[in-house]
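Here is the structure we will look at.
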Amino acid sequence: MEVCAVQLPGRESRMGERPLDDMGELLDGLGPAVAEAVDRPFALFGHSMGARVAFELSRWLRRRGAPRPLHLFVSGCPAPQLPQPPPLHPLAEADLVRRLREMAGLSPEVFRIPGILDALLPVLRADFAVVENYAYEPEPPLDHAVTAFAGTADPEADRAQAEAWEAQTSGAFAFHEVPGGHFFVQDRLADVLSVIAKVVSPDS
């Protein structure tokens with residue numbers, strides 16, 4: 001397997017670029033880049049906001065007759081057809097920081113070292129806006145397989161919300177529950193990768 005990571009504006013080497021806060025604008029950049037880059041069978045994986053982006057990217061590729069993934073892996077994200085929780089992106093800074101602490105996805109140093117959080121907050125607020133301003137539009141189910149992951153103690157996406165992804169595919173569906181909270185992919189990365197490797201293996 002070759003891993004091809006997506007780096008959105010506002011991150012790492014793209015820190016100087018404006019972070020995107022709209023799903024349509026994000027897909028307008030990401031879709032053509034992926035369609036041009038893929039030259040062999042591929043799968044998509046996304047966690048949390050990334051799961052929603054990967055799902056909409058699959059539909060974007062289908063609408064345009066572009067190469068489509070063999071498999072979609074979604075992690076830590078409720079199925080898109082479900083009601084969405086109250087938005088976080090409009091919160092005042094103090095309230096948003098409190099919620100970020102509760103989600104426990106950022107290193108403790110982020111909250112202690114001056115300047116780091118100030119640089120990250122616009123990107124994180126934009127990430128939340130991508131999902132929270134997004135309006136799900138029903139389309140026919142995807143025809144490729146979907147695998148959903150959920151953390152056993154994830155307050156953002158419980159088992160039922162993750163299993164509801166089954167409605168988004170006419171192909172095979174699988175669900176895997178992994179010990180941990182919302183960022184179980186950090187603590188139990190080996191478990192998640194093991195599932196993915198078995199699914200995409202040519203011998204599977």
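A few remarks follow.
- Counting Cα-Cα pairs of the stretch 64-204 in 10 Å increments starting at 0 gives whole-percent bin shares of 10, 33, 35, 18, 4, 0.
- Relative to the longest principal axis of the Cα atoms of the chain, the long axis of helix 189-200 makes an angle of roughly 20 degrees.
- The stretch 1-131 shape via C-alpha gyration tensor axes, a/c threshold 1.5: prolate
- Using the Cβ-Cβ distance between R63 and F173 with R0 = 25 Å, the FRET efficiency computed as 1/(1 + (r/R0)^6) comes to roughly 0.70.
- Within the stretch 12-64: Cβ-based charge dipole about Cα centre, in debye rounded to nearest 20 (Lys, Arg +1; Asp, Glu -1): 300
- Sequence-ordered 3J(HN,Hα) estimates for the stretch 167-179 from the Karplus curve with 6.51, -1.76 and 1.60 and θ = phi - 60° stand at 5, 8, 9, 9, x, 5, 10, 9, 10, 10, 9, 10, x Hz, glycine and proline given as x.
- Lys/Arg +1, Asp/Glu -1 at C-beta; the chain dipole; positive extreme among L121, L27, P86: L27
- Distance between the modelled labels on Q186 and L106, one decimal in nanometres: 1.1 nm (7 Å Cα→Cβ projection).
- Near S170, the amide H atoms lying under 5 Å from its own belong to L142, D143, H144; only residues 5 or more places off or on other chains count, and H is placed 1.01 Å from N.
- GNM top mover of E132, E166, E102 - the chain, alpha-carbon springs below 10 Å: E102
- Available extension along the chain between V6 and V38 is 10.2 nm, counting 0.36 nm per residue and deducting the alpha carbon span.
- Lys, Arg +1 and Asp, Glu -1 on Cβ, resulting dipole of the chain about Cα centre, debye, nearest 20: 180
- Solvent-accessible area per residue for the stretch 1-104 (1.4 angstrom probe, square angstrom): 55
- Charged-residue dipole, Cβ positions (Lys, Arg, Asp, Glu), the stretch 45-96 about Cα centre, Debye nearest 20: 540
- Estimated inter-spin distance, L91 and K198, nm [label 7 Å along Cα→Cβ]: 3.6
- Under 5 Å between amide hydrogens, built in the peptide plane, is the criterion, and for H71 it picks out L44 among residues at least 5 positions away or on other chains.
- Carbon + sulfur, % of accessible area of the chain - ligands and nucleic acids excluded, 1.4 Å: 56
- Taking the chain as a Gaussian network of alpha-carbon nodes connected by springs under 10 Å, the highest mean-square fluctuation of the residues A126, A37, A79 belongs to A37.
The values are calculated or read from the model by the stated rules, or taken from the named source; none is laboratory data. A quick note: this is a predicted structure, and the numbers were derived from the prediction, not measured. Here Cβ is always computed from backbone atoms with ideal geometry, including for glycine, and neighbour counts include all displayed protein chains. Surface accessibility is based on the protein's heavy atoms, side chains included, excluding ligands, DNA and RNA. Shrake-Rupley method; radii C 1.70, N 1.55, O 1.52, S 1.80 Å.
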